[in-house]
Amino acid sequence: DSGVTQTPKHLITATGQRVTLRCSPRSGDLSVYWYQQSLDQGLQFLIHYYNGEERAKGNILERFSAQQFPDLHSELNLSSLELGDSALYFCASSVALTDIQYFGAGTRLSVL
Amino acid sequence: EDQVTQSPEALRLQEGESSSLNCSYTVSGLRGLFWYRQDPGKGPEFLFTLYSAGEEKEKERLKATLTKKESFLHITAPKPEDSATYLCAVRPRDDKIIFGKGTRLHILP
């Protein structure tokens, strides 16, 4: 167990809908990262937050947004969902800016 | 453009047969190279971090090395439980972490 908690584990929804994925980092970790993993693209970096502030943004679609709250948990919001958004979404946390990342078990999103 | 290429895509070895996985990278201002192991249906699990050319790290049957252009993950006398996908990632100056597509390793008993 990495200590990073992601909910829900599975999510099934329809095209056009909006969902929220939640991540609780390890106790004491200030950094939260979001990744998307699909079979053909591999693990793709979406966004990094450090202590509530956005630090780096990868190829995250405009339909996607994220935030990190004062208690350091983070949420990834996906809207106007398309079939191609079906993937595993991972959250990772680290103590500081460049430390080892610990990954959660992921949320499997299926868009039908 | 920053990128990471891992080879081979897949590798089947007999138990005890040593080999190496390759991670070639092009990155502006390397701030760290990472190796992770991922089992099916699970999140990646950290193995090693390397920061500068010439650096080496070892853990049990695994040894990671780094040059200015590539990293190798050497696996010595592997066991079936070493079967997994091994991912390489780099952290460039802009902090936009890039993962390779991984090497699927299968160790036959």
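None of the figures in this text is laboratory data; all of them are computed from the coordinates on show. Just so it is clear, the model here is predicted, and its values are computed rather than measured. Virtual Cβ from ideal backbone geometry, glycine too; neighbours counted across all protein chains shown.
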Problem - Residue count for the range A:70-109, restricted to those that are loosely packed, with under 15 Cβ neighbours inside 10 Å and away from every other protein chain (no Cβ under 14 Å) - result: 7
Exercise for the section: Six or more apart or on different chains, Cβ under 7 Å: which pairs go from a residue in the range B:45-65 that's among the polar types (S, T, N, Q) to one that's in a loop (DSSP other than H, G, I, E, B)? Could you list them? Expected result: B:49/A:100
Problem - Members of the range B:52-70 that are more than 20 Å from residue B:30 (Cβ to Cβ) and assigned to a strand (DSSP E or B) - result: B:58, B:59, B:62
Practice task
Being under 16 Å from residue B:60 (Cβ atoms) and of a type in the set (Ser, Thr, Tyr) is the filter; apply it to the range B:1-19 and report the residue that is farthest from the chain's Cα centre (by Cα).
Solution key: B:18
Handout entry: the range B:20-45: number of residues that are surrounded by 15 or more Cβ atoms within 10 Å (Cβ to Cβ), of a type in the set (Gly, Ala, Ser) and either more than 11 Å from chain A (Cβ to nearest Cβ) or within 18 Å of residue A:34 (Cα to Cα) (or both)
Key = 2
Fill in the blank from the handout: Note on residue A:65: of the conditions (1) free of Cβ contacts under 8 Å to residues at least 24 places away in the same chain; (2) assigned to a strand (DSSP E or B); (3) within 18 Å of residue B:31 (Cα to Cα), unmet is (3)
Problem - Selection within the range A:85-112 - under 18 Å from residue A:42 (Cα atoms) and without any contact (Cβ under 8 Å) to a residue 40 or more places away in the chain - result: A:85
